[in-house]
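The values are calculated or read from the model by the stated rules, or taken from the named source; none is laboratory data. Remember, it's a predicted structure, so these values are computed and weren't measured experimentally. Methodologically, a virtual Cβ is constructed for each residue, glycine included, from the backbone with ideal geometry; neighbour enumeration extends over all protein chains shown.
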Amino acid sequence: MAQRSSIAAAAGTLSPVERNRESAIIERMRKRLLAFLLFLAPAVMAEGLPDLGEASQAELPLQMEKRIGESIMQDIRLHEPAYMDDAEINAYINRLGLRLVSQSTEARQDFEFFVLKDATLNAFAMPGGYIGVHTGLIQAAQSESELASVLAHEISHVTQHHLARQLSTQSQAQLPMLLSMAVAILAARSHSDLSAGAMMAGQAAGIQQQLNYSRDFEREADRLGLQLLERAGFDVRGMAAFFERLQKFGRLYENNAPGYLRTHPLTTERIADIENRIREMPYRQVPDSLDFMLVRAKLKAGEGTPGDAVTEFATQVRQHKYSSEIATRYGLAFARWRAKDYDGAQREVDLLRGLKASSAMIEGFAAQLCLSRNDTAAALNILKPAMLRYPQERSLAYAQVEALLAQGSLQQALSATADDLQLYPSDAHMYGLQARTYAGLGKRLLQHRAQAEVYVLQGQLLPAIEQLQLAQKAGDGDFYEHSAVDSRLRELKLRQAKEAKESKQKTP
Ligand SMILES: [Zn+2]
């Protein structure tokens, strides 16, 4: 009953527009997952229950998992309001995740980590190696090792194909309920009615059990996760500490436990298991990285009203209530920037310089601040050495193009985007910047051509085709540019026809 009233409460917080948008997402997820289940069910049913010890590779081709995951991910990027499209936070969570993945001997696929702006404690793995983390979980972690322990656990669910195996142990008659369950696993989100809707669609009583990964899967993810943590150089004690804290939290919620506990049931036995394993591992104190602290400060400083954020960080600075002065001053600078107090933010940046803090996030912020004050020359002066120092930082590359555009140096902006796209040919954001640059230069064919690539990379073929048709009619461009547009258009139309045919076959 507590469950039902909390569902009603959660649904009540959504406006009709939001609810429509969310139900559209549910609908798309449902369709894709159904395709996924129908694909995997017959093969697996014939074999009977898969053995936990056996590799289930044959049961579920990696490409299929990848495609399902990718299309759900594209939906999330485009339509999920909570998706954090923040290059710095993205870069951080992927660095942390990939540091763990690189220690796995079983990872046979690419991974992508992403952050959802949601105060609840949750993290989840989707088919195909896509792992989502709520901002609430990042804030609740008391050390970087604690955050890493949740990622390591999720990574292990993926490398062991637990989601697919969990689904494949069920009988075909249960498919509709399984579908609800899968949607709920992927979308156990507090403020959305995704999981609520899923639970009502299935039998509410039975679904809760089905939601959980099995105990064996949980134990396996803990065991392999601990190995990843240790090999990647984190403090393995972080896992026990964090899970224990989550369990305490769970008790406060009673039946309405945080999403993470619902999909990864934590038992005292499980925590005891982890502690037993840890006892045999050598003690190691691991300091948090500066970026971990800066990311948390940025998330915190981005919450609530700018005024509240300024007050909170200013109080911490004044009372010396912090574990890192650099991160706290950075948070204050960010909050002041949000409050449009650019002089105040600059004072904090100057102080940070005095503290000899070195991070791409601080350089990126300092440049952004200059841009906000319309001092593009100063922004570029900061960005140039910063990009040499942090060549892989996407946010710096974006900021440089923004600065060049703001300054009206369109040719320079164009060569910056072209050079960058050579190295990062699947960066939709950079193509978007290039389209803006072409627009500024009055090159209409090339503008639509670049915009088409943005849509291709977002998985939106129809708008991409439309852009190429606009490019054909743009009235500028030379012979070579036109034939490049024509051949790209032919290619995309073929791809579109193929996808339309496939989805007709799979979607009931
Ligand atoms: Zn789990």
Let me spell it out: the conditions are (1) more than 20 Å from ASP86 (Cα to Cα); (2) more than 15 Å from the ligand (Cβ to nearest atom); (3) of a type in the set (D, E, K, R), and GLU154 meets all of them except one. Which number is the exception? (2)
I'd like the residue in region 84-110 that is among the small types (Gly, Ala, Ser) and in a loop (DSSP other than H, G, I, E, B) and, out of all such residues, is modelled with the highest pLDDT. SER102
Given the criterion more than 15 Å from ALA435 (Cα to Cα) and either exposed (fewer than 12 other Cβ atoms within 10 Å of the Cβ) or more than 24 Å from the chain's Cα centre (by Cα) (or both), identify the matching residue among ALA403, ALA416, ALA399. ALA403
Among the numbered conditions (1) over 20 Å from GLU491 (Cα atoms); (2) free of Cβ contacts under 8 Å to residues at least 40 places away in the same chain; (3) under 31 Å from the mean Cα position of the chain (by Cα), tell me where HIS429 comes up short. (2)
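Restricting to region 453-473, count the residues that are buried (at least 18 other Cβ atoms within 10 Å of the Cβ), under 16 Å from TYR438 (Cα atoms) and over 24 Å from the mean Cα position of the chain (by Cα). Show your work before the answer.
Applying the first criterion (buried (at least 18 other Cβ atoms within 10 Å of the Cβ)) to region 453-473 yields 453-457, 461, 464-465, 467-468, 471.
In the following step, the residues that additionally are under 16 Å from TYR438 (Cα atoms) were identified as 453-454, 467-468, 471.
Checking which are over 24 Å from the mean Cα position of the chain (by Cα) leaves us with 467-468, 471.
Residues meeting the conditions: 3.
Counting only residues that are among the polar types (S, T, N, Q) and not in a helix (DSSP H, G or I), which one in region 430-471 is nearest to SER415 (Cα to Cα)? Reasoning before the result, please.
Keep residues of region 430-471 that are among the polar types (S, T, N, Q), which gives 434, 437, 447, 451, 458, 460, 467, 469.
Now narrow it down to the ones that are not in a helix (DSSP H, G or I): 458, 460.
Details: GLN458: 23, GLN460: 26 Å.
Selected residue: GLN458.
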Among (1) modelled with pLDDT of 85 or more; (2) polar (S, T, N, Q); (3) surrounded by 12 or more Cβ atoms within 10 Å (Cβ to Cβ), there is one condition GLN285 misses while meeting the rest; what is its number? (3)
So, THR268, is that one at pLDDT below 90 and under 28 Å from the mean Cα position of the chain (by Cα) or not? no
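Can you report the number of residues in region 190-245 which are outside any helix (DSSP H, G or I) and either polar (S, T, N, Q) or at pLDDT below 90 (or both)? Outline the logic, then answer.
Residues of region 190-245 that are outside any helix (DSSP H, G or I), as a first pass: 190-193, 202-203, 212-214, 232-236.
This time we only want the ones that are either polar (S, T, N, Q) or at pLDDT below 90 (or both), so: 190-193, 202-203, 212-214.
Matching residues across region 190-245 total 9.
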